[in-house]
1. Within the range 127-167, restricting attention to residues that are more than 8 Å from ligand 1 (Cβ to nearest atom) and without any contact (Cβ under 8 Å) to a residue 40 or more places away in the chain, which residue is surrounded by the most Cβ atoms within 10 Å (Cβ to Cβ)?
2. If you check every pair at least six apart or on different chains, which have Cβ atoms under 8 Å apart with a residue in the range 381-400 that is assigned by TED's automatic domain parsing to the domain that holds Q366 first and a residue that is in a helix (DSSP H, G or I) and of a type in the set (V, I, T) second?
3. S177 versus (1) outside any helix (DSSP H, G or I); (2) near ligand 1 (Cβ under 10 Å from one of its atoms): which is the lone unmet condition?
4. Out of the residues in the range 496-522 that are closer than 29 Å to C339 by Cβ and of a type outside the set (G, A, S), which is modelled with the highest pLDDT?
5. Would you check which residues across the range 548-582 are in contact (Cβ under 8 Å) with a residue 60 or more places away in the chain and in a helix (DSSP H, G or I) and list them?
6. Condition check: closer than 30 Å to Y114 by Cα and under 26 Å from the mean Cα position of the chain (by Cα). Does A382 satisfy that?
7. Has the range 163-170 got any residue that is within 16 Å of ligand 2 (Cβ to nearest atom), polar (S, T, N, Q) and not in a strand (DSSP E or B)?
8. Looking at V203, V208, which is the one that is more than 15 Å from ligand 1 (Cβ to nearest atom), among the hydrophobic types (A, V, I, L, M, F, W, C), part of a strand (DSSP E or B) and assigned by TED's automatic domain parsing to the domain that holds L305?
Amino acid sequence: MSNRQSQQNSVKITTLTQLASSASYSLLDSLHRDPDATSSGIDYQPRQVFSGHYVPVRPTPITNPKYVAHSKNLFLELGFDDSLATSPDFVRLFSGDLSQVPEPMRQVGWSTGYALSIYGTEYIQQCPFQTGNGYGDGRAISVFEAVINDQRWEMQLKGGGRTPYCRGADGRAVLRSSIREFLAQEHMHALGVPTSRSLSLYVSTDKVQRPWYSEDSRSENPDILISESVAITTRVAPSFIRVGQLELFARRVRHQEHANALQELEKIVLHLIQREYADVIDKELPLAAQIILLAKEFRSRLTSLIGQWIRVGFCQGNFNSDNCAAGGYTLDYGPFGFCDVFDPQYSPWTGGGLHFALMNQPNAAQKNFDSFCSALRPLLSAEHDFLRQFDEIQEGFSNVMHTQMNTMWAKKLGFEHLNMNNHQQLYNSMLSELDKLMKQTKVDYTIFFRELSSIPDDITPLQKSFYSDLAGGADEQTLNHRWKVWLDDWKVLINISISDISGDNSIANSTNNNVSGPQSTKEISAHMKLVNPKYILREWFVVPAYQQAVEGNYELLHELQDVMTQPYAELSKDIEAKYYRLKPTQLFEVGGLSHLSCSS
Ligand SMILES: Nc1ncnc2c1ncn2[C@@H]1O[C@H](COP(=O)(O)OP(=O)(O)OP(=O)(O)O)[C@@H](O)[C@H]1O
Ligand SMILES: [Mg+2]
């Protein structure tokens, strides 16, 4: 019986008391508490936190919490009954009120400090004290950790109120940004991209002021102040340890800030291994050997993650080390976006420049990996052999990243099983012409690859993805001719890959050494449709959903939730007409819709 079936058949959790019995607070019980913190968790003023791994914080509940949405998929995986999402105890806890939770749940949550590196450069100015001791979870508060179906989960409120790291801000998240994060997390999971997950979303009657864009504003930055409802989303992950968190402790070691600095670094690293890498790293190994395995595995997860992001056209517009989860999954859906037009320089965040643009994400990831390595290095200082291996792992990042990207493109184009050694030249020229054509024609990335996945007879279906209005001076006839030639070349390769598999040609050097590849174009098409999604969470789908939600109508939000958790499926004609289409030209360049200045 599959895991999912056994969960469906087992008795569902319907009360918070039942859920409480799975409580297991590994972080609170094995890491160090800030010695200056009070255990009551009434700790809302910005202050410096000099040591310890976490600060106990009691969330500040939102007033009149009202149910907006929950993730049915995650509920199913966790064995939660859907009714739990609207049960008073559950709503109370996940809207920030811990005062009545059943034992052994704890009435105090926790927030963690972290450091920040932007594209590999260490920053401390972001911290109000200019020391780095005031920077961390300013509005994220974890409230529960549990082992459910043999898997450890941490549940964290986003927008749960102020913490010592709030830097004078209000600790809140608005409904708009909460809906974006809520939808995106479950969409990414359905796309098969590792990510934090969404549990629940509650809105309040409380309002806060936020800078935003006036209607149809073309301005880069918000130009008005608006009043918005606050909300709390709960996100769930095996841990929320960020690369920036490891850096914080490593910097303290480097600057010899206190006597326990090295011990705190070691503890957080071992804790990370247990939370995120227990299945691949034996905890009985010496520390240095564990660190080598950790670096190797994180490199593998991170490079694979970036390949997956690019596969689905996802851009993490602010991929700093504090937004880089050390478990190797996607975290912090602030200024993120899925590209409509294929543009290597696509970046949804106006402040991200080219650093965090779509096709520069491998480089941004490498910078975060370098920050990760420099955080681990103090733990290897006396271990020369291990240090050499560690250097090799760090230096090997770009090669591994390159291989991941090649594999990703091969899969996206239906060549999972092509024997590259025999056809490299043909393959390379096909790929390079595709790159040029996609840029010159201005294709819709999702629609193009989805249409290609049907292995069309001619270019007519592909033309559905062309933004002809944007192609500027390009000569349409010449482009169409080039597309015809390209499609023929691509199909020659597709046919070769089928004969490679069915014939005697050696498969030993194929991209993944798997001999049981597809035997027909039909099978290749089916494979491609599992790699190239049909439905993608475009920002201009989300905007009307949150605009409606602000009025108390969640219909569009729930429809999007439904569609975007089945991104590879063929859905109804109505849904197709609504969600499988080009971005309307008039929506390009509109602030809040085509770009964002911050996560607010
Ligand atoms: N309204 C707010 N109140 C307090 N702190 C905030 C607020 N908004 C952002 N921050 C803090 O500013 C920093 C940078 O924000 P960023 O947009 O990267 O993160 P975020 O979206 O709040 O959170 P996360 O990375 O946890 O998903 C974070 O440390 C965050 O906690
Ligand atoms: Mg962040």
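1. Q130
2. These pairs meet every condition: F386/I291; F386/I292; Q389/I292; F390/I291; F390/I292; I393/I292; F397/T303; V400/T303.
3. With (1) outside any helix (DSSP H, G or I); (2) near ligand 1 (Cβ under 10 Å from one of its atoms) applied to S177, the lone miss is (1).
4. The extreme case among them is T521.
5. Listed by number, the residues that qualify are A549, V550, L557, H558, L560, Q561, M564.
6. So A382 fails the test.
7. Scanning the range 163-170, I find at least one residue that is within 16 Å of ligand 2 (Cβ to nearest atom), polar (S, T, N, Q) and not in a strand (DSSP E or B), so the answer is yes.
8. It is V203.
The values are calculated or read from the model by the stated rules, or taken from the named source; none is laboratory data. Everything quoted here is computed from the prediction, not taken from an experiment. No Cβ is skipped: glycine too gets one built from the backbone with ideal geometry, and neighbour counts run over all protein chains shown.
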